[in-house]
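Following: one structure in structure tokens, then a few remarks.
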Amino acid sequence: MNPALRIWHPFTNSALDLPPLLVERAEGIYLCTKDGRRILDAISSWWVNLHGHANPRIAAAIAEQARKLEHVILAGFTHDAAEELAERLRKWVAPELTHLFFSDDGSTAVEVALKMAVQHFSNQQRAEKREIVALEHGYHGDTAGAMSVSDDSPFTDPFRAMRYPVHRVHSAYCYRCPVGLKRETCQIECVQQLESLLAEGGEKIAAVIVEPLLQGAGGMIVHPSEFLQKVRALCTKHDVLLIADEVLTGFGRTGKMFACDIAGVTPDLMCLSKGITGGFLPMGVTLCTDGVEAAFRSDDRRHTFYHGHSYTGNALACAAANASLQIFDDEPVFDHIATIARIHSERLPQLREFPSVGDTRQIGTIGALELRADDAGYLSAIRPKLYQFFLERGVLLRPLGNVVYVLPPYVISPDELHHVYDVIGEAIQTLF
Ligand code: PLP
């Protein structure tokens, strides 16, 4: 008999980790396992879920779309659900962003942005302007290009040889300030490294890519708005495109629809995914300005953007995204977001009192605390203990090494969010 075909789970080491939990169904913020457990999903299932699991409005929209048109090639064709999504996004994204390119997930939305930036210049006979700048602690996905712009980490170590070189500059990680200053008195000097780089080599640089205001996988690092504003000004000054990777921050996570809105910054390219479909189906979107797209409008066919994934603009994913955006229109989503933000700002300062807590950070619906650890980083030994502790108490939290964060679906109630914080407090008291 052939051996069983076993699922190889992401981020799972079969020699070290427990077997996966079998989820039979989910409802609101709860995952219901086959053996009868109810687990509170406090990380929105890898940051994708907005309006609760199995949201009936989104489920119905997908079912209705499936009966009409499940998918059609997007090269040379379009469909109502994609056109509707473009119209709906128009309401939310900066007016300067005039073109939308579909792909499959966050990583491909990033790949598309990087390739667009490079070809934008090569189409203008400026092929030397092709280098990319990215931030320390950045994370942009797991495909080869996205992994190249992500900072070095245990995720990327084995692939050093296949990552293309990028310029790496400081991020505004205030708790571990890269230039040894204090936020209360600094003038965002950490951006000077980017300033010098662009001043010296701007003519070779196509784009700077950032996670605006919040570096997620790098440790839920919250940046001051001024950092993003300065990066924007430097890019404009040196004719370098700014790519805002809003894959995590988009769709209300940071308190406004997009993190760039908080800083009053408009990027040249913007990457969206994760929450775009409310967490139901994979989809990537890269938006760009008319100026970026103009370089592809040409009577020379070689100037075409030859990038396209089979499922690009999938009609079911578009229908889910349309339903999710309709929920933003009909329901008090931003009131829920404000409530979550308020509870984070009440509870985090209390946790900050524990000597083992080095820093607490918050932006919108995301609250995080950095635990003091000699082995700080993704592979910190405390991480599996914390994960297990939370799960045993029925809460799904996946610390990023020594950083514990809460990133719930917007439908979490105040009592449920307080419960999550109670469990975190208990973990700190028990494990430290
Ligand atoms: N960009 C950011 C900022 C992310 O946080 C992620 C995923 O966590 C990605 C890109 C990659 O998205 P995906 O996992 O959908 O490929």
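The values are calculated or read from the model by the stated rules, or taken from the named source; none is laboratory data. What you see is a predicted model; the values in this text were computed from it and never measured. Here the Cβ is made from the backbone with ideal geometry for all residues, glycine too, and neighbour counts use every protein chain on show. Only protein heavy atoms, including side chains, enter the accessible area calculation; ligands, DNA and RNA are left aside. Shrake-Rupley method; radii C 1.70, N 1.55, O 1.52, S 1.80 Å.
Within segment 28-45, restricting attention to residues that are of a type in the set (S, T, Y) and over 21 Å from V403 (Cβ atoms), the residue that is least open to solvent (accessible area, probe 1.4 Å) is T33. Among the helices (runs of 4 or more DSSP H) confined to segment 60-162, the ones with at least 3 residues that are over 25 Å from C318 (Cβ atoms) are located at 106-122, 144-149. Show the residue pairs that are 6+ apart or on different chains and have beta-carbon atoms under 7 Å apart, the first residue being within segment 106-123 and assigned by TED's automatic domain parsing to the domain that holds S273 and within 12 Å of the ligand (Cβ to nearest atom), the second being at pLDDT 95 or above and of a type in the set (D, E, K, R). Filtered contacts from segment 106-123: G106/K274; S107/D142; V110/D245.
Residues considered: C186, C174. Of these, the only one that is in the same structural domain as D104 (by TED's automatic domain parsing), buried (at least 17 other Cβ atoms within 10 Å of the Cβ) and farther than 20 Å from E111 by Cα is C174. Looking only at segment 132-154, decide whether some residue is modelled with pLDDT of 95 or more, closer than 24 Å to L213 by Cβ, away from the ligand (no atom under 16 Å from the Cβ) and open to solvent by 10 Å² or more (accessible area, probe 1.4 Å). For segment 132-154, residues modelled with pLDDT of 95 or more, closer than 24 Å to L213 by Cβ, away from the ligand (no atom under 16 Å from the Cβ) and open to solvent by 10 Å² or more (accessible area, probe 1.4 Å): present. Considering each residue of segment 2-12 in turn, none proves to be on the phi < 0 side of the Ramachandran plot, among the polar types (S, T, N, Q) and either assigned to a strand (DSSP E or B) or in contact with a helix residue (DSSP H, G or I) (Cβ under 7 Å, 6 or more places away or on another chain) (or both). Scanning segment 220-263 for residues that are at positive phi and within 14 Å of the ligand (Cβ to nearest atom) gives M220, F251.
Conditions tested, residue by residue: (1) closer than 19 Å to E416 by Cβ; (2) more than 16 Å from the ligand (Cβ to nearest atom).
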| site | (1), (2) |
| --- | --- |
| N2 | no, yes |
| P10 | no, no |
| N13 | no, yes |
| L18 | no, yes |
| E24 | no, yes |
| Y30 | yes, yes |
| D35 | no, yes |
| S44 | yes, no |
| G52 | yes, yes |
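Of the helices (runs of 4 or more DSSP H) contained entirely in segment 216-322, not one carries at least 1 residues that are at pLDDT below 95.
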